[in-house]
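Encoded as structure tokens, the structure appears first; notes follow it.
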Amino acid sequence: MEATGTDEVEKIKSKFMSAWHNMKYSWVLKTKTYFSRNSPVFLLGKCYHFKTEESGELSTDGSNFDKINTEISGNVEEFRRDFISRIWLTYREEFPQIKGSALTTDCGWGCTLRTGQMLLAQGLMLHFLGRAWVWPEALDMDSCDSESWTSSTVRKLTASFEASLTAERDPKVLPRPQRRPSSRDWDGSQMRNEIYHRKIISWFGDSPVAAFGLHQLIEYGKKSGKMAGDWYGPAVVAHILRKAVEEARDPELQGVTVYVAQDCTVYSSDVIDRQCSFLDSGKAGTKAVIILVPVRLGGERTNTDYLEFVKGILSLEYCVGIIGGKPKQSYYFAGFQDDSLIYMDPHYCQSFVDVSIKDFPLESFHCPSPKKMSFKKMDPSCTIGFYCRTVQDFEKASEEITKMLKSSSKEKYPLFTFVKGHSRDYDFASSPLHEENDLFSEDEKKRLKRFSTEEFVLL
């Protein structure tokens with residue numbers, strides 16, 4: 001009986017925190033973001049120009065398209081369509097209870113796991129859909145959505161909190177109206193893409209069975225000493241994502257692997273070994289690889305000398321973004337304009353969506369408006385991600401990024417390096433591809449423990 005009372009207190013506390021964080025972050029969708037007409041905008045390797053004869057700024061929510069000419073309007077719409085098509089993963093509430101805790105929401109602590117999910121989702125989108133793919137219904141999410149989402153959030157959370165106090169199981173809140181799908185007009189290729197679109201999102205569902213869902217990631221995090229409710233750093237999340245991909249059993253995911261750089265070093269032979277490893281079916285084949293590089297862009301504050309390199313990285317089409325943010329507040333960085341980074345913010349608490357049902361609603365997995373932040377405000381601790389489909393793609397990427405590292409480095413040492421050979425050739429313990437008894441080797445546990453305090457060797 002006492003345990004039941006404790007659980008009820010935790011649930012009420014959880015609802016209160018959800019309400020508080022949504023009030024705190026309600027501006028995430030409500031505020032408009034303005035872009036300069038005179039500077040190119042980069043989004044995960046694609047460049048968009050909004051240049052006009054007039055100077056000034058424009059909003060990407062469509063509120064002042066009538067003030068610019070047709071050509072520029074089309075370019076803005078292309079950018080909006082591209083941005084909205086990226087998968088947006090945010091705080092959720094009322095999902096199945098996390099094993100070993102009373103938590104049914106990740107409000108206030110799960111933001112880095114969410115940004116890690118977004119980065120991995122972009123890698124899987126490149127793998128299954130390609131960079132040119134955009135969601136056909138992206139522009140149906142018009143600017144009024146952000147207003148309605150924000151206002152409905154207050155009503156929903158008030159009802160939810162009141163229900164928790166009156167012991168009601170389900171708060172009585174009117175659901176958001178859903179748009180009628182237009183899939184009947186799609187051809188075979190579009191239908192195939194939409195199937196993968198939904199499948200990728202379902203892998204990140206908030207249920208214990210989802211391969212890359214919050215529940216699974218927390219289970220892998222326990223091996224590094226992390227628990228539900230703890231703060232996760234971007235380096236720890238990189239290793240958790242690697243394990244999640246390794247342990248995924250879906251046949252569709254057998255052609256993808258993840259490599260995490262060791263001490264700011266990418267060992268080329270280790271990467272190629274992962275790409276050329278046998279598939280679970282026993283057949284030989286080349287796997288695509290998502291390379292994650294945990295780095296630190298300075299000491300206590302981000303060193304602005306790294307700005308050009310970060311912009312260069314986000315200009316590459318095989319870049320899958322950056323897990324970063326402000327201190328203790330994680331964002332998914334996906335682009336830039338001038339000295340400002342473009343990001344997707346996970347700090348918006350939405351209701352649990354059951355992705356196992358047919359035709360589950362997609363709107364809450366796509367962000368209607370981008371946000372910008374000055375590079376100077378960026379926390380120095382981050383993880384950079386790349387996707388390479390083949391060994392040849394990896395070799396080309398390593399050469400291109402190495403040149404970028406050398407040209408952008410004002411110091412003697414670059415931010416990270418690509419080294420030929422295996423890590424074992426340099427007296428580093430090389431973690432095996434498959435470990436039978438433990439998800440993390442002893443060497444990995446030591447490295448994760450060091451990462452969890454966000455301590456890096458600064459050269």
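Points worth noting:
- Residue pairs exceeding 18 angstrom between C-alpha atoms, taken from LYS372/LYS403; LYS243/LYS420; LYS223/LYS243: LYS372/LYS403; LYS243/LYS420.
- Summarising the amide proton neighbourhood of GLN262: residues at separation of 5 or more, or on other chains, whose placed amide H is nearer than 5 Å comprise TYR267.
- Annotation: extensible slack from ASP305 through PHE352 equals 12.8 nm (criterion: 0.36 nm per residue apart, minus Cα-Cα distance).
- The length gained by stretching the chain between ASP359 and ASN75 to full extension, at 0.36 nm per residue less their Cα-Cα distance, is 99.2 nm.
- Neighbours of ILE272 by Cβ distance under 12 Å: Lys/Arg scored +1, Asp/Glu scored -1, total -1.
- Extension gain, ILE195 to SER101: 0.36 nm times the residue separation minus the Cα-Cα distance gives 30.5 nm.
- Site pair GLU395 and SER269 shows an inter-label distance of 1.6 nm when each label is modelled 7 Å from Cα along Cα→Cβ.
- Two-site FRET efficiency, SER39 against ALA132, from Cβ-Cβ distance with R₀ of 25 Å, rounded to 0.05: 0.60
- Probing with 1.4 Å while keeping every protein chain in the model, the per residue accessible area of the range 281-421 equals 41 Å².
- Scalar couplings 3J(HN,Hα) for the range 287-294, obtained by applying the Karplus form with A = 6.51, B = -1.76, C = 1.60 to θ = phi - 60°, are 9, 6, 10, 9, 9, 10, 10, x Hz; x denotes Gly and Pro.
- Derived scalar couplings ³J(HN,Hα) [the range 328-340; Karplus, 6.51 cos²θ - 1.76 cosθ + 1.60; whole Hz; x for Gly, Pro]: 6, 8, 8, 10, 9, 7, 10, x, 6, 9, 6, 9, 10
- Extreme residue, positive dipole direction of the range 187-300, given options SER207, LEU292, PRO234 (C-beta unit charges): SER207
- Per-residue HN-Hα couplings for the range 369-377 [Karplus 6.51, -1.76, 1.60; θ = phi - 60°; Hz; x = Gly/Pro]: 8, x, 10, 10, 8, 4, 4, 4, 7
The values are calculated or read from the model by the stated rules, or taken from the named source; none is laboratory data. In this text, all values refer to a predicted model and were calculated from it rather than measured experimentally. Neighbour counts are summed over all protein chains in view; Cβ atoms, including those assigned to glycine, are modelled from backbone coordinates with ideal geometry. Surface areas here come from the heavy atoms of the whole protein model, side chains and all, with no ligands, DNA or RNA. Shrake-Rupley method; radii C 1.70, N 1.55, O 1.52, S 1.80 Å.
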